[in-house]
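The values are calculated or read from the model by the stated rules, or taken from the named source; none is laboratory data. As the structure is a computational prediction, the values presented were derived from the model and not from experiment. Here the Cβ positions follow ideal geometry from the backbone for every residue, glycine too, while neighbour counts run over all protein chains shown. Quick note on the areas: whole protein, heavy atoms, side chains included, nothing else; ligands and nucleic acids left out. Shrake-Rupley method; radii C 1.70, N 1.55, O 1.52, S 1.80 Å.
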Amino acid sequence: MKKILFTLVFATAALFASAQFMVVTTINQPEGDEEWGMESFTDNLGIGFMVNDKFTVGAAKNGTTMDTTFAEDGTVIMQDSAVVMTENDGGYNIFLRYNYNENIYVSLDMPTEDATENMNLGVGYSFSIWNDLYIEPNYKMPLKKDSNGKREGNFNFGIAYRF
């Protein structure tokens with residue numbers, strides 16, 4: 001039993017010693033007359049573990065998300081010519097990321113509650129701006145259609161730091 005425990009501890013230590021982590025966030029655009037603040041950068045802050053060169057698994061704080069509101073006739077309701085921002089109850093999103101090549105990636109994210117009902121699929125591009133700091137524009141859309149049979153996606157800007 002001691003040998004098995006020692007082997008597990010050694011394998012885990014070796015895995016984390018050679019592992020890479022990344023810190024990610026999505027930048028939220030302020031609503032209406034609000035000014036840019038720190039919460040614009042920290043509402044969706046998360047950390048990911050790069051399993052290998054292609055796959056990353058992680059969790060991100062579920063802060064403010066972009067949400068489109070529809071009228072009964074199916075038209076989009078806009079406020080101040082911007083997409084309506086809604087606050088979630090907190091919690092976390094789990095994300096999976098596949099790096100197609102060095103810069104292009106495909107992502108799948110889902111909340112910890114009702115995960116299969118609220119999955120989002122996205123595609124993005126990583127621009128290296130300085131050492132291991134990246135700007136990542138991406139487009140996400142839900143896998144499930146809404147009650148009107150539409151599937152509205154959104155364009156986001158993210159920041160990632162890999163270490």
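Does any residue of the range 107-129 turn out to be under 17 Å from Leu143 (Cβ atoms), assigned to a strand (DSSP E or B), open to solvent by 50 Å² or more (accessible area, probe 1.4 Å) and modelled with pLDDT of 90 or more?
Yes, there is a match, as at least one residue in the range 107-129 is under 17 Å from Leu143 (Cβ atoms), assigned to a strand (DSSP E or B), open to solvent by 50 Å² or more (accessible area, probe 1.4 Å) and modelled with pLDDT of 90 or more.
Just to check your reading of the model, which residue among Phe49, Phe16, Phe6, Phe21 is modelled with pLDDT under 85, farther than 20 Å from Lys144 by Cβ and in a strand (DSSP E or B)?
Phe21
Are any residues in the range 130-140 part of a strand (DSSP E or B) and in contact with a Phe, Trp or Tyr (Cβ under 9 Å, 6 or more places away or on another chain), and if so, which ones?
Hits for the range 130-140 are Leu133, Tyr134, Ile135, Glu136, Pro137, Asn138, Tyr139, Lys140.
Check Phe163, Phe127 and return the single one that is out of contact with any Pro (no Cβ under 9 Å at 6 or more places or on another chain), closer than 25 Å to Asn52 by Cβ and aromatic (Phe, Trp, Tyr).
Phe163
Considering only residues of the range 141-163 that are open to solvent by 50 Å² or more (accessible area, probe 1.4 Å), outside any strand (DSSP E or B) and not acidic (Asp, Glu), which is farthest from Val57 (Cα to Cα)?
Asn148
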